Amino acid sequence: MAALMRLVNRRTLRPAMGQQYLTFSSAAKVKAGVVKAVHALPEKVKIVEVGPRDGLQNEKTIVPTEAKINLIDMLSESGLPVIEATSFVSPKWVPQMADQMEVMKGISKKPGVSYPVLTPNLKGFQAAVKAGASEVAIFGAASELFSKKNINCSVDESLQRFDEVMKAAKEAAVPVRGYVSCVVGCPYEGKVAPEKVAHVAKRLYSMGCYEISLGDTIGVGTPGSMSEMLEAVTKEVPVSALAVHCHDTYGQALANILVALQMGISVVDSSVAGLGGCPYAQGASGNVATEDVVYMLHGLGIQTGVDLTKLMDAGAFICRTLNRKTNSKVAQATCKL
Amino acid sequence: MGNIPTTVKHCLSYEQLMEDHPWLRRWLQEEKIITEHKYPEFVKIVEVGPRDGLQNEKEVVPTRVKIQLIDMLSETGLSVIEATSFVSSKWVPQMADHTDVLQGIQRAPHVQYPVLTPNMQGFQDAVAAGATEVAVFGYVSCVLGCPYEGHVEPSKVAEVAKRLYDMGCYEISLGDTIGIGTPGSMFKMLQSVMKDVPVHALAVHCHDTYGQALPNILTALQMGVSVVDSAVAGLGGCPYAEGSSGNVSTEDVLYMLHGMGIETGVNLTKVIEAGDFICNALCRKTNSKVAQAKGRTL
């Protein structure tokens, strides 16, 4: 027995919250766990900063190219390991990302930092590689209606379209990240079946995506629906290849991220200053603020490599540029104490 | 132990180890190294909007508006609504109308209306006005951090909580007064307090100043706490961080609890309505993200 326990690397088995749980008092009524924490909390979490792309894409004001470049450079200095720089979609659909080439060529790429870009098709992929991108991202929805309304085809059809991107990426040795939208709820379909999410995640993983980011696109998820979805997905895709992309539209993002961590997820998407509102709920918030996520992770003793002060400086800069208040509560509180 | 060679081969893969040896998973669960989180079936919400919320709003709200707010909240299914505070109006002018409020509200059956009483005078006034439950500062402030001292030792929180409990408070609400706590510090603090006070006598009163309230509440629930304080529409800013938020919104807490299958007995729609009412009266936007989203969803 002792020999067996030595084989289980104690350093990776950090008990949840760093301590053993106390036995619950018999007076408390409990029901069988909604959340299975099958892993201890991760020691490190990788933050994928999506502010410059997902964030700015969903802001009403269009930001000048030099401001975008400055933002990305400031984020590079804050210690973030991954910064989604821009999107090679047609400017006809997403005018905010029209300056994709200039942004890619203008940023100072920090060694050790990855700058993935969204590529919706082969043309976008080729343009991205030409502009110097060394990592790309593709996406699929877990909801048929959402896929139809968003890109006018079924989920399976959309994934087939990415086959040629995957092939080209493989030939060019460019890693590909996959996004799944509407993993908990859809603005058109309502509740989304966890099995459907697992199916799409598995497809993207088998196609060759090294990481699948599970997005609660309209922020309706709670620790209940989140854990149910993750349980289904982790049966099909190894947890080390999963990330969560939680929206804070209903204020649930940090609680959802916490349960995801308790289930073994160690990659979290977030957006500096909580940039990017929700396109489905006018005026409501969208992306969770990176500052608030980092505050929580550091409070849990989890390493991120991110300097919170420098991150807040980047957030303050982009909010001044956009002439808007930050969505980050940490930033709001810190400026005023 | 005949499987050791297989185990050696798989030892680098924790998941594989668990799959190959289900007895190991069971053993580790007993050791509490892996945990399956159990949640309470029912959580009692203590609505502090009319007292803690309004006390920390800049605008002073007319008595009839307070009464209407409390009456609306009484219709939502909430079982505890902190109605007012019998402190001297010299210190807290927003609560000057405490007697009128307590006598003006329509008390719903099965709803308690505790009031804050800082001293004997306050207690006597409260009882004279008809209070049937008082909060004899069964609140502990600064449990996760202090605006002056900084870090607060969990053992100190435990000491104060125990004192209150021994004095006869039936419930101790642990308040993260400046909202600085995270699931990490919440866990350590509760672990300490729970050595001295039974978990069924504990409540958490989390502030959302740093956006951490819901994960902190989730952590408390995972540890067996089943009473949560919150304020409709997230009333009540943080007096230590000008313009920042304070109390967590009842609507957002309810949304999370209901989404987890935890019962509260509270109707979220009616709470949102009460929140809309008081925000209109205060001419301010709600702090509740749920209320904001519900008001605007396509």
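The values are calculated or read from the model by the stated rules, or taken from the named source; none is laboratory data. Just so it is clear, the structure is predicted and the values come from calculations on it, not from any experiment. As a convention, Cβ positions derive from the backbone with ideal geometry for all residues, glycine included, and neighbour counts pool all protein chains shown.
Which helices (runs of 4 or more DSSP H) does the stretch B:223-298 wholly contain that include 2 or more residues that are away from chain A (no Cβ under 13 Å)?
Working: elements: B:250-259, B:268-282, B:289-294.
The helices (runs of 4 or more DSSP H) meeting that bar are B:268-282.
Quick one: in the stretch A:138-176, which of the residues that are closer than 20 Å to A:MET226 by Cβ and out of contact with any Leu (no Cβ under 6 Å at 6 or more places or on another chain) is nearest to the other protein chains (Cβ to nearest Cβ)? Break it down stepwise before answering.
From the stretch A:138-176, those closer than 20 Å to A:MET226 by Cβ are A:139-143, A:146; that's our starting set.
Filter once more, keeping what is out of contact with any Leu (no Cβ under 6 Å at 6 or more places or on another chain): A:139, A:141-143, A:146.
Working: A:PHE139: 21, A:ALA141: 17, A:ALA142: 18, A:SER143: 15, A:PHE146: 13 Å.
Per the stated criteria, the residue is A:PHE146.
Kindly indicate whether any position in the stretch B:177-187 is at positive phi and surrounded by fewer than 24 Cβ atoms within 10 Å (Cβ to Cβ).
We begin by selecting, within the stretch B:177-187, every residue at positive phi; these are B:179.
Filter once more, keeping what is surrounded by fewer than 24 Cβ atoms within 10 Å (Cβ to Cβ): none.
No, there is no match, as no residue in the stretch B:177-187 is at positive phi and surrounded by fewer than 24 Cβ atoms within 10 Å (Cβ to Cβ).
If you check B:ARG26 against the conditions, is it buried (at least 19 other Cβ atoms within 10 Å of the Cβ) and either of a type outside the set (Ser, Thr, Tyr) or modelled with pLDDT under 65 (or both)? Don't jump to the end; show me each part of the working.
Working: buried (at least 19 other Cβ atoms within 10 Å of the Cβ): no; either of a type outside the set (Ser, Thr, Tyr) or modelled with pLDDT under 65 (or both): yes.
Criteria not met by B:ARG26.
The rows are residues; the columns are (1) more than 20 Å from the chain's Cα centre (by Cα); (2) crowded, with 22+ Cβ neighbours inside 10 Å; (3) within 28 Å of A:LYS235 (Cβ to Cβ).
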{"site": "A:VAL259", "(1), (2), (3)": "no, yes, yes"}
{"site": "A:CYS278", "(1), (2), (3)": "no, yes, no"}
{"site": "A:VAL293", "(1), (2), (3)": "no, yes, yes"}
{"site": "A:LEU308", "(1), (2), (3)": "no, no, no"}
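Under the condition of being in contact with a Ser or Thr (Cβ under 6 Å, 6 or more places away or on another chain) and more than 7 Å from every other protein chain (Cβ to nearest Cβ), which residue from the stretch B:189-222 is surrounded by the most Cβ atoms within 10 Å (Cβ to Cβ)?
B:HIS205
Within the stretch B:117-159, work out how many residues are over 20 Å from B:GLY179 (Cβ atoms) and either charged (D, E, K, R) or part of a helix (DSSP H, G or I) (or both).
Final tally of qualifying residues: 13.
Does A:LEU204 count as out of contact with any Phe, Trp or Tyr (no Cβ under 7 Å at 6 or more places or on another chain) and crowded, with 24+ Cβ neighbours inside 10 Å?
Yes, satisfied.
Pairs please, first residue from the stretch A:77-96 and under 16 Å from A:GLU291 (Cα atoms), second anywhere and assigned to a helix (DSSP H, G or I) and modelled with pLDDT under 90, Cβ atoms under 9 Å, 6+ apart in sequence or on different chains.
Listed pairs, sorted by first residue: none to list.
Name the one entry in A:SER143, A:SER158, A:SER134, A:SER181 that is without any contact (Cβ under 8 Å) to a residue 24 or more places away in the chain and within 21 Å of the chain's Cα centre (by Cα). Lay out the reasoning, then the answer.
Values: A:SER143 fails: without any contact (Cβ under 8 Å) to a residue 24 or more places away in the chain; A:SER134 fails: without any contact (Cβ under 8 Å) to a residue 24 or more places away in the chain; A:SER181 fails: without any contact (Cβ under 8 Å) to a residue 24 or more places away in the chain.
Among A:SER143, A:SER158, A:SER134, A:SER181, only A:SER158 is without any contact (Cβ under 8 Å) to a residue 24 or more places away in the chain and within 21 Å of the chain's Cα centre (by Cα).
Quick check: anything in the stretch A:228-251 touching a His at 6+ places or on another chain (Cβ under 9 Å), assigned to a strand (DSSP E or B) and either buried (at least 24 other Cβ atoms within 10 Å of the Cβ) or modelled with pLDDT under 95 (or both)?
Scanning the stretch A:228-251, I find no residue that is touching a His at 6+ places or on another chain (Cβ under 9 Å), assigned to a strand (DSSP E or B) and either buried (at least 24 other Cβ atoms within 10 Å of the Cβ) or modelled with pLDDT under 95 (or both), so the answer is no.
Just name the residue that is surrounded by the most Cβ atoms within 10 Å (Cβ to Cβ) out of those in the stretch A:146-155 that are touching a helix residue (DSSP H, G or I) at 6+ places or on another chain (Cβ under 8 Å) and either in contact (Cβ under 8 Å) with a residue 40 or more places away in the chain or not hydrophobic (A, V, I, L, M, F, W, C) (or both).
First pass over the stretch A:146-155, keeping only residues touching a helix residue (DSSP H, G or I) at 6+ places or on another chain (Cβ under 8 Å): A:147, A:151, A:153-155.
So of that shortlist, the ones also either in contact (Cβ under 8 Å) with a residue 40 or more places away in the chain or not hydrophobic (A, V, I, L, M, F, W, C) (or both) come out as A:147, A:154-155.
Details: A:SER147: 25, A:SER154: 14, A:VAL155: 23.
Per the stated criteria, the residue is A:SER147.
Out of the stretch A:100-123, which residues are touching a residue at least 24 places away in the same chain (Cβ under 8 Å), surrounded by fewer than 20 Cβ atoms within 10 Å (Cβ to Cβ) and in a loop (DSSP other than H, G, I, E, B)?
Result: A:SER108, A:LYS109, A:LYS110, A:GLY112, A:VAL113, A:ASN121.
Looking at (1) out of contact with any strand residue (DSSP E or B) (no Cβ under 8 Å at 6 or more places or on another chain); (2) in a helix (DSSP H, G or I), find the lone condition where B:ALA220 falls short.
(1)
Considering only the stretch A:231-250, state which residues are within 14 Å of A:GLY264 (Cα to Cα) and either within 10 Å of the chain's Cα centre (by Cα) or more than 13 Å from chain B (Cβ to nearest Cβ) (or both).
Applying the first criterion (within 14 Å of A:GLY264 (Cα to Cα)) to the stretch A:231-250 yields A:231-235, A:237-244.
Result: A:ALA232, A:VAL233, A:LEU242, A:ALA243, A:VAL244.
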